[in-house]
Structure formats: structure tokens, C-alpha cells
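**Student:** Mind looking over this structure? Questions follow.
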Amino acid sequence: MSRKLIIISACLVLSLALTASASTGAFTGPITTSGVLSVDLNGGPLSAACPTEGWNGSYSAPAFSADPYGVTWSPWGGPTNTYGDGIQLPNTNVSPNINGASITKAFGAITLTVSIPGTATQYAKVNGVASMNSRDRGNPTPNYTADNDIFRDLLFAGGSGSNVQGTNYLQVEASGLIAGASYQIALYSHDSSGAHTTNWTATAPTLGTWWGWWDPTDTTGSHFLAPADMQQITWTGGGATQAPAVFTITADSSGNIYAWGFGGSGSGQNSDTSYLNAIQIVPEPATMALLGLGGLALIRRKR
């Protein structure tokens, strides 16, 4: 087998390195790899004096200190007087209500976008239009982890009340990446007000009756079928926070990666609200090493 074929085969293995459907288990800490981008969504109104550092440390001073794991969380939303970025996320608890089917923010070279790009009729409405929503629930009770503040605020997409599981999904996009390189993405979900499940996948939705994940043997396009790489984050009201869903994804030719999250049991047809609290993105070390080997092979071939 040629060196070129070996390199291509290794790239394919990396691009398919997605975890099989499983529960993520209890939270034991965030990704701490060097160079990781860690973003905490802050869903409360800008008038509230709420923590925005991503963990339950002092948020009066200094700003953005690292959490006990050594991770510094960048805020998305939250009041500036507690070191948020001053952006009001979509929210029905502010006046006037803030609608939003898509939000975007640049974090250095990487731009994150969270959106609800499915069929509008499958989402809960805000002032008559499909919109995401957000909340600040306050500190999780009991005091679960050293990173309480990433779990206290959440962005969510409710269902229409009658839609099939997976149709009211959240889409997370990271752009500005290196085309063909692999990245890890971690998605955090929790809401201390109740018991829910949010499922995450790196398998793109397909078009049936609505955008979603469908049983290919069903010609009506209305029966949910869980994607093979689905990871479940399940929690109970007042229960322990759960680990994030983590995927390794190869950036497309435009330097983008995508992940999708949707609420529901993962096996039935009934939908639930889709939740997102925080996002982490980190280059995959194996990919960088592989690219280095590929470059070395090309140099040797030229010589």
C-alpha cells in the first residue's frame, strides 16, 4: 500500500470517529486540551447581576479567571457589569421580547452560529414566529460541580406541541476552521427546572415531511429513527449535571463543522425541548500529527 493511500485511509478513519449511541454519563470536568475554545451561553436578561464566567467562582474580580480545571470560559450573552459581553440572547422574559432564529458570534478566528433551521411550524412560537429562547435558572441545586455556571444558563428550542422527535432541533456551526482538518466539539445540555433528554449527533438531518432523522423504510417520512452516532444527555430535575456529548468531525471544504441537538427519548416519536448550555471546540491532535506526516511524505517524494 502506498504512503498516499495510507494517509488517505487514516483521514477516513478520523472523519468517521464518531461515538456510538450512548449516554454521556455524569459530568467530571470539561475538555482541558491546550487551545480549546470554551464558550458559556448566558441566557438571563441583561438587567440581572448574574455570573458570566462559566463557573461558580468570584465574578466581581478578576474577570474571566480560569475554572478549577484550568479552563477559561468566554461569555456569549450576559450583562457587562458581571463581565458578560452585553449581548441579549433570545428571551421571552424581557420587554420587549427578543426573537431569534439564529445567533452568531466570532471568538477570534472561529465563528459560532446556533440556529433553528428546520421547518418553522415545528418550533414553539415567540410573538407568532419560530424563535429560540433562553433562561437563567440561577445556581443549580444541589451544588453539583465546580462549573455550576455553565449549567445554570441555557438556550433552548421548544416544539410545536405535536411535532415528531428531532424536528425542533438546534444546529451548531463552527466556521473559520482549516478545511479537511479534524476538530472535537463538545455540547453541554442541562436545565435544573425539570427532567429532560437532549440528543446530539454529527449526522446531518434529511428531508422527510420535515427536516429531521427518518426511518428510510417509511415512505411517509414521518417516523423518527435515531442516527447511529447519537449521544444522549439525560438529567432529572434537581439531579446531577451530565457530561457533554463529544464528537470528532472533519471540517468541510469551506472550513465548517456542524452538530445537531434535539429533545426526546431517542427512540419514540414524541419530541421534547432541545437544550444547549455551552460549547467547546478543540483541534484534534491526531489530525495535526497526520497532516505533519503527510507533509513529510510529500517532501520526501519531491526529493
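A short reminder: the numbers here are calculations on the coordinates, not readings from a lab. Just so you know, these numbers come straight off a predicted model, no measurement behind them. Heads up, the Cβs are rebuilt from the backbone with ideal geometry, glycines too, and the neighbour counts pull from every protein chain shown.
**Student:** Taking 2.2 N^0.38 Å as the expected size of a compact globular protein, what ratio does the Cα radius of gyration of the stretch 85-203 give against it, to two decimals?
**Tutor:** In units of the 2.2 N^0.38 Å rule of thumb, it is 1.14.
**Student:** Next up: With +1 on the Cβ of every Lys and Arg and -1 on the Cβ of every Asp and Glu, and nothing else charged, how large is the dipole of the stretch 148-234 about its Cα centre, in debye rounded to the nearest 20?
**Tutor:** Magnitude of the dipole: close to 20 debye.
**Student:** Kirkwood-based Rg over Rh for the stretch 147-230 (C-alpha set), two decimals?
**Tutor:** 1.01
**Student:** Starting from one equal scatterer on each C-alpha and no solvent at all, send me the Debye-based log10 I(q)/I(0) for the stretch 63-133 at q = 0.15 Å⁻¹, two decimals.
**Tutor:** So the normalised log intensities work out to -0.64.
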